[in-house]
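Colleague: Please see the structure below; I have some questions.
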Amino acid sequence: MADAMNVGVNLEAFSQAINAIQALRSSVTRVFDSLKDGMKNKETLEGREKVFITEFQDNLQSVNRDLNELERLSTLVGRPSESHPLHNSGLLSLDPVQDKTPLYSQLLQAYKWSNKLQYHAGLASSLLNQQSLKRSANQMGASAKRRPKVQPSTLVLPPQYVDDVISRIGRMFPDMSIELFRPNGTSAVLLVTLGKVLKAIVVMRSLFIDRTIVRGFNENVYSEDGKLDIWSKSNYQVFQKVTDHATTALLHYQLPQMPDVVVRSFMTWLRSYIKLFQTPCQRCGKFLQEGLPPTWRDFRTLEAFHDTCRQ
């Protein structure tokens, strides 16, 4: 492989070019050192200026001489051969009409692309394996037998247990009011009132949160038939942003084995909006950006950021 890489390269000129680069760097360093030191102590000002100009001109001439020498050697070095030993495919590079049929260059490009694809696929696989995103514990293989779906036990929690969890969360946050409704039997819908800032409708399936709609404190959360309106968006852009971030938070807080922890973590995150209009952005320090307050809350630290500052 070393012989293939050295084809077309003048090694002696290459070694001289490296020495020329070192000499050029040294001469450039002397130029800046002379500028840094300035005029040396002499008896008269005219003598100091004369000595400084003479030394500076000598240093510049040295830089010019070394640069010309490096340019001369660069033309003698040559170019390394682009042939890479890919077994018998290297014979394609011997085609005399390579400009018309560039098979070998295209093959090299495809080979490099496949190597990059394999590398990034390995990184993605290692990252996905660290996340608990598997929806099924059964491996779908050729020999896997089809089995009837078994409803997880966590999805059929008794309503009394769900009510107890919600009541404990409500006692944790005195400034957050939580009302529980069951309009369709066992499924719960929460109306969360956060101070005088916002109201959030949390649709649940047992202890799993399906969706969240955030509206302003003064907005109507009921439909014409007197039921909670779980579909209409807020009339204000700021609360539409908060709704989008709440949907992202639902995807972040995922722990199927402990759904009560998920609900408590989400409510803790939602409570961080108690000072939505009073907290500045932790990055830019401004209260408003494009007419909106910091609507993003970090999932771990609960710090406030504008939507563009969190990147």
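Colleague: Within the group L86, L76, which residue is modelled with pLDDT of 60 or more, of a type in the set (A, V, I, L, M, F, W, C) and within 30 Å of E12 (Cα to Cα)?
Modeller: On the way: L86 fails: modelled with pLDDT of 60 or more.
Residue meeting the stated conditions: L76.
Colleague: Tell me, please, whether a residue that is farther than 25 Å from K196 by Cβ, in contact with a strand residue (DSSP E or B) (Cβ under 7 Å, 6 or more places away or on another chain) and touching a residue at least 40 places away in the same chain (Cβ under 8 Å) can be found in region 244-252.
Modeller: Within region 244-252, not a single residue is farther than 25 Å from K196 by Cβ, in contact with a strand residue (DSSP E or B) (Cβ under 7 Å, 6 or more places away or on another chain) and touching a residue at least 40 places away in the same chain (Cβ under 8 Å).
Colleague: Please work out if A246 is assigned by the TED database to the domain that holds D164 and either open to solvent by less than 60 Å² (accessible area, probe 1.4 Å) or on the phi < 0 side of the Ramachandran plot (or both). Explain how you work it out, then say what you get.
Modeller: Details: assigned by the TED database to the domain that holds D164: yes; either open to solvent by less than 60 Å² (accessible area, probe 1.4 Å) or on the phi < 0 side of the Ramachandran plot (or both): yes.
In short, yes.
Colleague: Mind listing whichever residues of region 265-297 are open to solvent by less than 50 Å² (accessible area, probe 1.4 Å), closer than 18 Å to L194 by Cα and part of a loop (DSSP other than H, G, I, E, B)?
Modeller: L276, T279, P293, P294, T295 - these are the residues of region 265-297 that are open to solvent by less than 50 Å² (accessible area, probe 1.4 Å), closer than 18 Å to L194 by Cα and part of a loop (DSSP other than H, G, I, E, B).
Residues checked against (1) assigned to a helix (DSSP H, G or I); (2) open to solvent by 50 Å² or more (accessible area, probe 1.4 Å); (3) at pLDDT 80 or above:
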| position | (1), (2), (3) |
| --- | --- |
| Q98 | no, yes, no |
| S105 | yes, yes, no |
| Q118 | yes, yes, yes |
| L123 | yes, yes, yes |
| L155 | yes, no, no |
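Colleague: Before we move on, is L251 touching a helix residue (DSSP H, G or I) at 6+ places or on another chain (Cβ under 6 Å) and open to solvent by 50 Å² or more (accessible area, probe 1.4 Å)? I'd like the intermediate steps shown before the answer.
Modeller: Working: touching a helix residue (DSSP H, G or I) at 6+ places or on another chain (Cβ under 6 Å): no; open to solvent by 50 Å² or more (accessible area, probe 1.4 Å): yes.
Taking the combined requirement at face value, the residue does not satisfy it.
Colleague: Another question about this same structure. Among (1) assigned to a loop (DSSP other than H, G, I, E, B); (2) of a type outside the set (A, V, I, L, M, F, W, C); (3) more than 30 Å from F287 (Cβ to Cβ), where does D260 come up short?
Modeller: (1)
The values are calculated or read from the model by the stated rules, or taken from the named source; none is laboratory data. Source: prediction; values computed, not measured. Note: ideal-geometry Cβ built from the backbone for every residue, glycine included; neighbour counts use all protein chains shown. Just so you know, the surface numbers come from the protein's heavy atoms only, side chains and all, with ligands and any DNA or RNA stripped out. Shrake-Rupley method; radii C 1.70, N 1.55, O 1.52, S 1.80 Å.
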